[in-house]
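Visitor: Let me begin by handing over the structure; questions about it come next.
Where a number appears in this text, it was derived from the coordinates with a stated rule and is not lab data. Please read these numbers as outputs of a predicted model, since none were measured by experiment. For neighbour counting, all protein chains shown are included, and Cβ atoms are generated from backbone atoms with ideal geometry for every residue, glycine included.
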Amino acid sequence: MITLYGIPNCDTVKKARTWLSDHGHDTIFHDFKKQGVPQPQIDHWLQAVGWETLINRKGTAWRLLDEATKAGVVDATTAKAVALLQPSVIKRPVVEWADGKVTVGFKPEAFAGRVG
């Protein structure tokens, strides 16, 4: 089973969900806003893709953080703390594929490569 994590009104999440559905892949959707960021998974994501990939430092949510908070994000531990408090700083979607691999973001060609 494929689990897609994100925020339902995010355009990139919508595109990813539509692409997976259109290509016949059932998914479980985990809404960060309603369900929060799952603590065991975020540790796995950070290990799999690194904090620099997981944290969207170009997005609005990041820009709205105070300078001290932004400057304090220097490693996986500090990135995790901010992500748990402000899930919107996580780049979306985070996808846990059936084989356990984790990807972040949406590119149709990358998804096609994952599901053949």
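Visitor: Which value results when the Cα radius of gyration for the stretch 37-100 is divided by 2.2 N^0.38 Å? Please report the intermediate quantities before stating the final value.
Guide: Working: Rg = 11.4 Å, N = 64, 2.2 N^0.38 = 10.7 Å.
Compared with the compact-globule rule of thumb, the stretch 37-100 sits at 1.07.
Visitor: Are there trypsin sites (Lys or Arg not before Pro) in the stretch 1-88 that DSSP marks as loop and that have at most 10 other Cβ atoms within 10 Å, and which are they? Don't skip to the answer; put the middle values down first.
Guide: On the way: sites: Lys14, Lys15, Arg17, Lys33, Lys34, Arg57, Lys58, Arg63, Lys70, Lys80; in loops: Arg57, Lys58.
Taking the stretch 1-88 and a limit of 10 other Cβ atoms within 10 Å, the loop trypsin sites (Lys or Arg not before Pro) found are Lys58.
Visitor: Under a point-charge model restricted to the Cβ atoms of Lys and Arg (+1) and Asp and Glu (-1), what is the dipole moment magnitude of the stretch 2-115 relative to its Cα centre, in debye to the nearest 20? Don't skip to the answer; put the middle values down first.
Guide: Working: 15 positive and 12 negative charges, 60 e Å.
Result for the stretch 2-115 is approximately 280 debye, rounded to the nearest 20.
Visitor: Also, quick follow-up: Using only DSSP helix segments of four residues or longer, with each worth -39500 (n - 2.57), what per-residue ellipticity at 222 nm results for the chain after dividing by its residue count and rounding to 500? List each step's numbers first, then the result.
Guide: Numbers: 8 runs with 60 residues, N = 116.
Value at 222 nm, helices only: -13500 deg cm²/dmol.
Visitor: Let me ask something additional. Using label points projected 7 Å from each Cα along Cα→Cβ, tell me how many nm separate Leu84 and Asp43, to one decimal.
Guide: 1.0 nm
Visitor: Once you put a point 7 Å from the Cα of Lys34 and another 7 Å from the Cα of Ala71, both along the Cβ direction, what distance in nm separates them?
Guide: Placing both labels 7 Å beyond Cα along the Cβ direction yields 4.0 nm.
Visitor: For the stretch 1-102, what does the relative contact order come out to in percent, with C-alpha contacts under 8 Å and a separation of six or more? If you can, show how the numbers build up before the last one.
Guide: On the way: 116 pairs, mean separation 40.4, N = 102.
Once normalised by length, the contact order is 40 percent.
Visitor: What net charge do the residues around Gln39 carry, taking every other residue with its C-beta under 15 Å from that of Gln39, with Lys and Arg at +1 and Asp and Glu at -1?
Guide: Working: positive: Lys80; negative: Asp43, Glu96.
That sum, taken over residues with Cβ under 15 Å, equals -1.
Visitor: Turning to a different aspect of this structure: Hey, for a label at Val115 modelled as a point 7 Å past Cα toward Cβ, could you say which residues of the stretch 26-58 have their backbone N under 15 Å away?
Guide: Residues 26-30 fall inside that zone.
Visitor: Something else now. In the structure displayed, which of Lys58/Lys107; Lys15/Lys107; Lys70/Lys107; Lys15/Lys80; Lys14/Lys80; Lys33/Lys107 lie more than 20 Å apart, Cα to Cα? Kindly include the intermediate steps, with their values, before the conclusion.
Guide: On the way: Lys58/Lys107 18 Å; Lys15/Lys107 9 Å; Lys70/Lys107 27 Å; Lys15/Lys80 26 Å; Lys14/Lys80 24 Å; Lys33/Lys107 23 Å.
Beyond 20 Å: Lys70/Lys107; Lys15/Lys80; Lys14/Lys80; Lys33/Lys107.
Visitor: Let me ask something else about it. Once the convex hull of the C-alpha atoms of the chain is built, how many Å³ does it hold per residue, rounded to a whole number? Spell out each step's value before the answer.
Guide: On the way: hull volume 11.3 nm³, N = 116.
So the per-residue Cα hull volume is 97 Å³.
Visitor: Could you check the spin-label model distance between Ala61 and His23? Points 7 Å from the Cα along Cα→Cβ, value in nm.
Guide: Using points 7 Å along Cα→Cβ, the separation is 2.4 nm.
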